[in-house]
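First the structure, in the form of structure tokens, and then the observations on it.
None of the figures in this text is laboratory data; all of them are computed from the coordinates on show. What you are looking at is a predicted structure, and each value in this text was computed from that prediction instead of being measured. FYI the Cβ positions are ideal-geometry reconstructions off the backbone, even for glycines, and counts take in every protein chain you see.
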Amino acid sequence: MSKVRVHNFSISLDGFGTGDGMTLEDPFGHAGRRLHDWMFATQFGRSLFGQDGGGVGVDQAFAERNVLGIGAEIMGAGKFGPPGWQEDATWRGWWGEDPPFHTPVFVMTRHEAEPMVMEGGTTFHFVAGSPKEVLDLARQAAGGLDVRVGGGPTTVRGFLEADLVDELHVVQVPIVLGRGTRLWEGLEGTEERFAIEAVTSPSGVVHLTFTRR
């Protein structure tokens with residue numbers, strides 16, 4: 001069976017996966033870009049914006065795993081758009097007409113809608129249901145490839161609570177946010193289900209990989 005994977009999921013030292021006060025202008029709230037500066041500095045991160053160059057070291061090696069063998073993505077409503085996007089008929093996501101997914105994407109939302117077909121092979125499906133129910137839909141669409149759970153922290157936490165994650169890559173960034181949405185809230189003992197490795201990068205982040213035992 002295909003695996004369920006989480007990649008490049010950045011958290012602060014105090015465990016926040018996004019900041020407080022997310023808006024159209026600040027998709028990660030008061031955290032800004034700080035949680036993801038490590039990735040934007042890599043060759044992989046720069047390519048997402050059509051830019052050349054970027055680092056090719058440890059951070060690049062982890063970052064580029066994000067796209068390997070992925071047949072579908074699952075994301076929460078907060079990753080698709082700012083609060084209230086469901087009421088805006090013109091909203092088509094943060095990424096323009098050619099989003100970087102190039103697969104079916106299942107957006108978990110109580111506001112179901114018709115699929116949104118984009119350029120480059122991305123189609124957004126707006127679905128309600130439990131993590132298990134949405135995963136079943138994503139696996140059908142993935143054609144035997146793996147399914148990526150892309151975030152945000154509430155969505156990743158839900159899949160961990162349901163014991164549906166096979167591989168988890170968490171990047172601990174050396175900043176303290178103080179407020180926002182925590183990844184690990186209520187997940188006591190999660191480490192018992194995984195083999196965990198830690199790799200420190202010269203950029204200052206620590207790559208934590210959790211692999212189901």
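Descriptive notes on the structure:
- Karplus (6.51, -1.76, 1.60) ³J(HN,Hα), θ = phi - 60°, over the range 58-73, in Hz, Gly and Pro reported as x: 4, 4, 5, 4, 6, 4, 6, 5, 3, 10, 6, x, 9, x, 6, 10
- By the count of neighbouring beta-carbon atoms within 10 Å, fewest first, H169, H36 end up ordered H36, H169.
- Modelled this way, with points 7 Å down the Cα-to-C-beta line, the labels at V199 and R92 are 3.7 nm from one another.
- Charge context of V199, other residues only, Cβ under 13 angstrom, K/R +1, D/E -1: -1
- Charge dipole magnitude, Cβ of K and R +1, D and E -1 - the chain, Cα centre, debye nearest 20: 320
- Estimated 222 nm signal from helices in the chain, with DSSP H stretches of n ≥ 4 weighted -39500 (n - 2.57), rounded to 500: -4500 deg cm²/dmol
- Rg/Rh for the chain, where both radii come from Cα atoms and Rh is the Kirkwood radius: 0.93
- Coupling constants for the range 102-112 follow from the phi torsions by the Karplus curve (6.51 cos²θ - 1.76 cosθ + 1.60, θ = phi - 60°), and in residue order they are 6, 8, x, 10, 9, 8, 7, 8, 6, 9, 5 Hz; glycine and proline get x.
- Selection among I175, T211, L164 by position relative to the dipole of the range 108-213 gives I175 as farthest towards the positive end (Cβ unit charges, Cα centre).
- Extension gain (nm, one decimal) between H30 and V206, 0.36 nm per residue minus Cα-Cα: 61.2 nm
- For the range 1-75, the equivalent ellipsoid derived from the alpha-carbon gyration tensor has semi-axes of 22, 18, 13 Å in decreasing order.
- Stretched out straight at 0.36 nm per residue, the stretch from E191 to D14 would grow longer than its current Cα-Cα span by 62.0 nm.
- A straight chain from F40 to V117 at 0.36 nm per residue would run longer than the Cα-Cα distance by 25.1 nm.
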